[in-house]
Each structure stands twice: as structure tokens, then as C-alpha cells.
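Every number here is computed from the coordinates shown, using simple stated rules; none is lab data. Since the model is a prediction, treat every value here as computed from it, not as a measurement. Cβ sites come from the backbone with ideal geometry, for glycine too, and all protein chains shown count toward neighbours.
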Amino acid sequence: MKNLESVLRDYAHYHQNPTNQAVHVIGTPIIVFSTYGVLGPTFGGVGALGMILYYFLLDWQLGLFLGPLLGLAWWGVWWMDASGYPYWIQWALFIGAWVLQFIGHGVEGRKPALGDNILQIFAAPASLAAKALFALGWKPDLGRSLNAKKKGG
């Protein structure tokens, strides 16, 4: 398994354009949520637990941050299902968010990272969470290192 720095660095390589980055801030959470919905509450819950475990193994603090958020997303899917929301809403969110992501990559002029490695799909939530945590002072050396490499330093 790759370490946190490697995962974040590989992800950042495919996401340099500010427009593409902004699109991913919107699209990635919608994809995570709607994937749980498309899978259904039971399999979505298994997916959420798997993702939480992966993030804990990658970095326990990242897992601690993402765990409740992913759990809340799963709970939202469960609630929608229990409330009788039509299943097509999850599919519409899923497809719409993916279209948005591909538009972002079109603007950037670079294929998505999953074109090279499908497991990169798990890097997007990790990257968004890491950026939020860096802004709160988490792992400042890693944050500076990633920014310096991004700027060519």
C-alpha cells in the first residue's frame, strides 16, 4: 500500500488546474454519496466501512477525520431509502457528478488519474480531506512539501 504522501502527490499530478480542482471539490463528495446510494444502503454501508478502514490504514488522523463524514454520507443514503426517495435520484447525482469531473479534466487537458490506476478513485476524498486538514495546521511539513513540489521547487 502506498503511503499518504505518495497518494497525495500522485493525485495532485492530475489536478493542477484551479477550475478542475474546484470541480472536484463539488463532484467528489457527490460521487461518494451517490455511489453509496447506487449500491444501496447495505452494500453502500459495506463500501463506507471499507473506505474508512483504508483511510485509517493510510493515516489514522485522516481516517479519524473522514470516518464520521463517510458515515454521515452513508446515513444520508439510508435515510433517503427509508424515506422513500426514488432510486433514480442517486443515479442522476452519480452520473451528473461524473460528467462534471470529466468536464473538469477536459478544462485541464489531462485524463483522470483513474485512467492509469482505478484505485486512484480513493485518492480524491483523501486529497480533499488533507487540504482541509492542512489549512487547520495538520502535518505542516507534508503540506509544505506537497506545495513546493507542485510549484516546481
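Brief remarks follow.
- Restricting Trp79, Trp74 to residues that are surrounded by fewer than 17 Cβ atoms within 10 Å (Cβ to Cβ) and in a helix (DSSP H, G or I) narrows the list to Trp79.
- Options Leu142, Leu133, Leu93: the member that is in contact with a Phe, Trp or Tyr (Cβ under 9 Å, 6 or more places away or on another chain), over 28 Å from Gly37 (Cα atoms) and either polar (S, T, N, Q) or not in a loop (DSSP other than H, G, I, E, B) (or both): Leu142
- Candidates Ile95, Ile89, Ile103: the one that is closer than 17 Å to Asn20 by Cβ and of a type outside the set (Lys, Arg) is Ile103.
- Filter pass, Gly106 being of a type in the set (Gly, Ala, Ser) and in contact (Cβ under 8 Å) with a residue 12 or more places away in the chain: no
- In region 40-57, of all residues being over 14 Å from the mean Cα position of the chain (by Cα) and in contact (Cβ under 8 Å) with a residue 24 or more places away in the chain, the one that is nearest to Pro140 (Cα to Cα) corresponds to Leu57.
- Residue list for region 11-29, filter: closer than 12 Å to Ala124 by Cα and assigned to a loop (DSSP other than H, G, I, E, B): Tyr14, His15
- Pair list, Cβ < 6 Å and 6+ apart or interchain, from region 85-103 residues that are farther than 9 Å from Gly27 by Cβ to residues that are surrounded by 14 or more Cβ atoms within 10 Å (Cβ to Cβ) and small (Gly, Ala, Ser): Gln90/Ser34; Gln90/Gly37; Leu93/Ser34; Phe94/Ser34
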